[in-house]
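K.L.:
My structure is below; once you've seen it, I'll send some questions.
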Amino acid sequence: MTEVAEPFHMSLNAVSKHIRVLEASGVVERHRKGRDHILSINTRSLDEVDGWIERTRRYWEQRLDAMERLLRELKKDHKSGPKDRKHGSR
C-alpha cells in the first residue's frame, strides 16, 4: 500500500479508502503475504464497464443521428417557404 500511495499527494489512509472502493467494485483484488498487501487489477471487471460504454455510445449515436435527420428535414421545409394554406394566412 505504501508503494501505491507514494506518487500521490494524499495520505496513506486516503489512498487506502480509494483502494477499498476499487476492491468493492471488483477492479482491484487484494492478497496478503505476511504483513504485505499485494494488489492486482482485475481487468475482467473492466470488460463490463467497456460493454456499458459501448451500449451507451451506440444509443446516443442513434439518437443524435435521428435528431440530425429531423433538423435537416425542418431546415429543408423552412427553406422551401410557407406551405399553401386552404384558409389563407392568419
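The values are calculated or read from the model by the stated rules, or taken from the named source; none is laboratory data. Remember, predicted model here, so these are calculated numbers, not experimental data. As a convention, Cβ positions derive from the backbone with ideal geometry for all residues, glycine included, and neighbour counts pool all protein chains shown. Note: accessible area is taken over every heavy atom of the protein model, side chains too, but ligands, DNA and RNA are not part of it. Shrake-Rupley method; radii C 1.70, N 1.55, O 1.52, S 1.80 Å.
K.L.:
With only alpha-carbon atoms counted, please give the Rg and Dmax of the chain, in Å.
P.N.:
Radius of gyration, then largest Cα-Cα span, for the chain: 27.5, 89 Å.
K.L.:
Something else: Which listed residue (TYR59, VAL21, HIS31) has the Cα farthest towards the positive end of the charge dipole for the chain, taking +1 on Lys and Arg C-beta and -1 on Asp and Glu C-beta about the Cα centre?
P.N.:
TYR59
K.L.:
OK, next. Under 15 Å from a point 7 Å along the Cα-to-Cβ line of GLU48: which residues of the stretch 16-32 have their amide N that close?
P.N.:
Inside the label zone: 21-29.
K.L.:
Ordering SER45, SER80 by how much accessible area each has at a 1.4 Å probe, largest first, what is the list? Could the numbers behind the result be given before it?
P.N.:
Values: SER45 25, SER80 85 Å².
Largest to smallest exposure gives the sequence SER80, SER45.
K.L.:
Quick one: putting +1 on the C-beta of Lys and Arg, -1 on the C-beta of Asp and Glu, what dipole do you get for the chain around its Cα centre, in Debye to the nearest 20?
P.N.:
Working: 20 positive and 15 negative charges, 178 e Å.
Value, rounded to 20: 860 debye.
K.L.:
Ratio of Rg to Rh for the stretch 1-54, alpha carbon only, Kirkwood? Provide the component values of the computation, followed by the final result.
P.N.:
On the way: Rg = 12.8 Å, Rh = 12.2 Å.
Checking Rg against Rh, the ratio lands at 1.04.
K.L.:
Sticking with this structure for a sec: Nearest 10 degrees, 0 to 90: what angle lies between the long axis of helix 12-25 and the longest principal axis of the chain (Cα atoms)?
P.N.:
Result, in degrees: 60.
K.L.:
For ARG63, ARG30, ARG44, write out the residues from largest to smallest accessible area, computed with a 1.4 angstrom probe and no ligands counted.
P.N.:
Working: ARG63 135, ARG30 70, ARG44 165 Å².
Most to least solvent-accessible, the answer reads ARG44, ARG63, ARG30.
K.L.:
Can you give the accessible area of LEU12, probe radius 1.4 Å, in Å² rounded to 10?
P.N.:
90
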